[in-house]
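Contents: one structure, followed by commentary.
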Amino acid sequence: MNKPVISEGGFLIASPSWMRARTAFTHEYFEDVNYVVCKSQAEGYRERGLNVWECPDSAQGNLCRVRNWILDNTKIKNVLIIDDDFSALGFYDGHIKLKFSSAEAIEVIESYFDLANQLGVKFWGVNCSSDKGVYSEHKPFSFNNYIGGPFQAFINCPLRYDEALPLKEDYDMTLQVMNRYRKALRVNHLHYMVKQHTNKGGCASYRTVKKEQEQFKLLEKKWGSKIVRTDSRDRKGQVKETLYDINPIIKIPIAGI
């Protein structure tokens, strides 16, 4: 398939996938997801009857490069890029964790594309944690927070991922958007559910602590140590010993929620 399938909500759902012909499962939740797969691996995905949006082999091997290929090769205004191990869009009702059905999720995402358009936002996403302790009932939306790579939505956004930062691409994209547009919509009362680091293939095939440290230093060098910081404390607020946290803390110097 050379042309991507458009969802019933009128937006494009693209999922870059590399070496996961047998383990990708986002299609079980989003039937209209387009697995963006390089030519040399495409047949393995097609054998499972999956929607394949074939990209050149040269576009793969770097997460940023294939994401840029998606943004460069779509004519659809609203584009959602998600991971290939996405299982659900979730939310809380009080203290009860729930998830939307596939059809409900499409409607919800369509509504937030519409809201983002009305707000003049080029980039939006959802909460990066499903932990109830992270959810703030009094702050369902924010405009200056990090938006995680497993769920990143674009609206005619001309910005592109930095290919030098394939393991910190979501932090960098968030900072790029904030630097240029001064706002990005994060829907804090929703969260994504993904398998992420435990799934073989994809970024996991080249993700190591050493490379994560190198990527952190590059991100810090690009944006400065006042914006990109190490998470030096654990959940109880205690200073960590020698354990390295692969997820940096970003402090965006723009006022607001």
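None of the figures in this text is laboratory data; all of them are computed from the coordinates on show. From a predicted model like this one, the values you see are computed outputs, not experimental measurements. Using ideal geometry, Cβ is built from the backbone for each residue, glycine included, and neighbour counts are taken over all protein chains shown.
Suppose every Lys and Arg Cβ carries +1 and every Asp and Glu Cβ carries -1, with no other charges. What dipole size does the chain come out with about its Cα centre, to the nearest 20 debye?
Magnitude of the dipole: close to 960 debye.
Among the aspartates and glutamates, which have Cα under 12 Å from the Cα of Lys217 when same-chain residues fewer than 8 positions away are ignored?
The qualifying aspartates and glutamates are none; the list is empty.
Could you tell me how many cubic angstrom of Cα convex hull volume region 95-214 has per residue?
138
Show which aspartates and glutamates lie in cross-link reach of Lys3 when reach means a straight Cα distance below 15 angstrom and same-chain residues fewer than eight apart are skipped.
Asp32, Glu54, Asp72
Any idea what the dipole of region 130-200 comes to, in debye rounded to 20, about its Cα centre with Lys/Arg Cβ at +1 and Asp/Glu Cβ at -1?
In total the dipole reaches around 140 debye.
Treating only the Cβ atoms of Lys and Arg (+1) and Asp and Glu (-1) as charged, compute the dipole magnitude of region 61-116 about its Cα centre; round to the nearest 20 debye.
240
Report the local net charge at Ile257: Lys and Arg +1, Asp and Glu -1, summed over other residues whose C-beta lies under 11 Å from its C-beta.
Net charge around Ile257: +3.
Just the ratio, please: alpha-carbon radius of gyration of the chain over 2.2 N^0.38 Å, N its number of residues.
Scaled against compact globular proteins, the figure is 0.98.
What residue among Phe86, Ala255, Asn145 has its Cα farthest toward the positive end of the dipole of the chain, where the charges are +1 on Lys, Arg and -1 on Asp, Glu, each on the Cβ?
Toward the positive end, the furthest listed residue is Ala255.
DSSP loop (so not H, G, I, E, B), at most 15 other Cβ within 10 Å: list which trypsin sites (Lys or Arg not before Pro) in region 1-102 pass both filters.
Sites meeting the loop and neighbour criteria: Arg22, Lys39, Arg48, Lys75, Lys77.
Between their Cα atoms, which of Lys168/Lys251; Lys39/Lys221; Lys77/Lys183; Lys39/Lys211; Lys99/Lys211 are more than 24 Å away from each other?
Among Lys168/Lys251; Lys39/Lys221; Lys77/Lys183; Lys39/Lys211; Lys99/Lys211, the Cα-Cα distance tops 24 Å for Lys39/Lys221; Lys39/Lys211; Lys99/Lys211.
Provide the FRET efficiency to the nearest 0.05 for the Arg48-Asp72 pair, computing r from the beta carbons and using R0 = 35 Å.
0.85
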